[in-house]
């Protein structure tokens, strides 16, 4: 199938529409095959392929982990190929390279697939119809791409046994040891947080990369840390993934709220969501080291559900960005507005995807987040105080990231699709062609289906969970509900969706029944002003809430650094109270205590950014102190 997809891409240079349809058909067949393979128990044997140097061919292997990640990658490829024939010569080879990496059975095939995908992505960004700005972005992406490939090669070099056998079976039979292996979690985290090398590629290529590359990075992290590294690893392996994953999620979520480009909002939001995935993988590593298999399965299941849901939604938003740019001639939020009138189905798809992207029920993001938070709360039972404090801090950081992502989604929908158009091109935007509308609605529906039926996703992930942590979610994941424990209440997504629907219907009915008569109609999102005069058909854009208005308050609060003003010196203490030379020392000590007290009182007026930095520094010092005390046996 990988060879066929590459061939379809080559044919796409001459017959793009036929190549796109053939790619979509191949992806549909592959997705059905992946579903059947996972339902059947993921039984397959590795196969050698004579590709490479003489006597050193590559090995392909299909197991529960690669089969699970194959399914969403092929679904993204199906939606993109069926939606448009644009960049058909790039989409097929990109999907073929992703399949080669997912089907790799040794280190050579894995590096070959990842390197081929990154090279194709950079070529598509540089030569696939990108504007000059996109071509410059593609050239800048070479550094990050090379870093990702080098990180993967270094991780595999740490895992290759002394016999220099690069096969996955040999790596499993000889678990790594030595001090250098401690670098493996950091290398896996680097693979997770590096953005896709898409630069300014066309929207279909960006959609495949946002979906395929993110899924591939999650697959690489799980394969390296949970499968090839062996089941016996220290708790400390989960610390960098947990801490830096939570921090990365907050940073990228803040960027999604601050940028003014529709495509950059989608990319930053996807990076923030996969920061949550990294944190969940850190929890799973830590609890697996303590032989808490069911809890590790809960955390890893949340990471897998979040990965699938967010990959589908990221591909949806990248396609929407391309449609908006074609119709409104811009991606800037400050020049959009009122798009829901001209393209209602696209706006509906964005609204459905926004529920998943912002981790709101009943979207797939909320189902994965619920599983991750349940694992975080249960992991507080670990007996290490520094790890417990880190878990509590990570929980707060993840909550802040989700809140920022929700605000970013509200800003995107409110500024771009609601209100009044800010330019004539935005006022004349029309719906995309029918295949594109169907693809957008299918991707949005896929994200909502993951949220409504997370138990079905966890059932398909059962072989992957058994391979990675030796436990599954049996007895805790049903068709309609999931739970953290067998005897604990869980999350029933269909019931939550039904309650939300009843509440919306009740609100609409009350408004229709008891609304004040005789009032003029107004749009649902009018920002507090009436209809524009005839001589100003689009209204005054300055009277609407713009893209900067949503993030302005947070920028004003957290975007300014402030110094701690030194407290005024106090009156000198009398030195005659204590006899001898000790009077000076006691007086100096009391002055220092008084200065510290004044400084502590001044912290009440400290701006949030320095206060947050100070709190994190104190927490790091406290954790270091506990760690040193624990190593010393205190």
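The values are calculated or read from the model by the stated rules, or taken from the named source; none is laboratory data. Model, not experiment: these values are computed from the prediction. Positions of Cβ are generated from backbone atoms using ideal geometry, with glycine treated the same way; all protein chains shown enter the neighbour counts.
Structure notes:
- Count of segment 1-29 residues which are touching a helix residue (DSSP H, G or I) at 6+ places or on another chain (Cβ under 8 Å) and surrounded by fewer than 19 Cβ atoms within 10 Å (Cβ to Cβ): 12
- Set side by side, the residues 447, 419 differ, and just one is in the same structural domain as residue 478 (by TED's automatic domain parsing), buried (at least 19 other Cβ atoms within 10 Å of the Cβ) and on the phi > 0 side of the Ramachandran plot, which is 419.
- Condition check for residue 224: closer than 17 Å to residue 148 by Cβ, in contact (Cβ under 8 Å) with a residue 40 or more places away in the chain and surrounded by fewer than 24 Cβ atoms within 10 Å (Cβ to Cβ): yes
- Lone unmet requirement of (1) surrounded by fewer than 24 Cβ atoms within 10 Å (Cβ to Cβ); (2) part of a helix (DSSP H, G or I); (3) modelled with pLDDT of 85 or more for residue 389: (3)
- Residue satisfying all of: in segment 419-430; outside any helix (DSSP H, G or I) and in contact with a helix residue (DSSP H, G or I) (Cβ under 6 Å, 6 or more places away or on another chain); nearest to residue 548 (Cα to Cα) among these: 422
- The listed residues are 75, 102, and the only one of them that is more than 19 Å from residue 6 (Cβ to Cβ), surrounded by 19 or more Cβ atoms within 10 Å (Cβ to Cβ) and modelled with pLDDT of 85 or more turns out to be 75.
Yes or no, residue by residue, for (1) in a helix (DSSP H, G or I); (2) touching a residue at least 12 places away in the same chain (Cβ under 8 Å); (3) touching a strand residue (DSSP E or B) at 6+ places or on another chain (Cβ under 8 Å); (4) assigned by TED's automatic domain parsing to the domain that holds residue 374:
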residue	(1), (2), (3), (4)
458	yes, yes, yes, yes
466	yes, yes, no, yes
471	no, yes, no, yes
501	yes, no, no, no
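- Qualifying residue in segment 196-204 (condition: crowded, with 22+ Cβ neighbours inside 10 Å and at pLDDT 85 or above): yes
- Any chance residue 359 is touching a helix residue (DSSP H, G or I) at 6+ places or on another chain (Cβ under 8 Å), part of a loop (DSSP other than H, G, I, E, B) and surrounded by 19 or more Cβ atoms within 10 Å (Cβ to Cβ): yes
- Across segment 371-381, a minimum of one residue is classified as in contact with a strand residue (DSSP E or B) (Cβ under 9 Å, 6 or more places away or on another chain) and assigned to a helix (DSSP H, G or I).
- In the set 221, 243, only one residue is at pLDDT 85 or above and closer than 16 Å to residue 301 by Cα; that residue is 221.
- When each of 251, 256, 236, 247 is tested for being touching a helix residue (DSSP H, G or I) at 6+ places or on another chain (Cβ under 6 Å) and either part of a loop (DSSP other than H, G, I, E, B) or assigned by TED's automatic domain parsing to the domain that holds residue 453 (or both), the lone residue that passes is 256.
- Within the set 413, 372, the sole residue that is assigned by TED's automatic domain parsing to the domain that holds residue 272 and within 29 Å of residue 172 (Cβ to Cβ) turns out to be 372.
- Filter pass, residue 102 being in contact (Cβ under 8 Å) with a residue 40 or more places away in the chain, under 22 Å from residue 152 (Cβ atoms) and not assigned by TED's automatic domain parsing to the domain that holds residue 446: yes
- Checked against the criterion of being farther than 25 Å from residue 419 by Cα, modelled with pLDDT of 90 or more, in contact with a helix residue (DSSP H, G or I) (Cβ under 7 Å, 6 or more places away or on another chain) and crowded, with 24+ Cβ neighbours inside 10 Å, the candidates 286, 346, 297 yield just one match: 297.
- Which listed residue, of 367, 359, 309, is at positive phi and within 18 Å of the chain's Cα centre (by Cα): 359
- One residue from 95, 32, 70 being modelled with pLDDT of 90 or more, surrounded by fewer than 17 Cβ atoms within 10 Å (Cβ to Cβ), within 27 Å of the chain's Cα centre (by Cα) and not assigned by TED's automatic domain parsing to the domain that holds residue 436: 32
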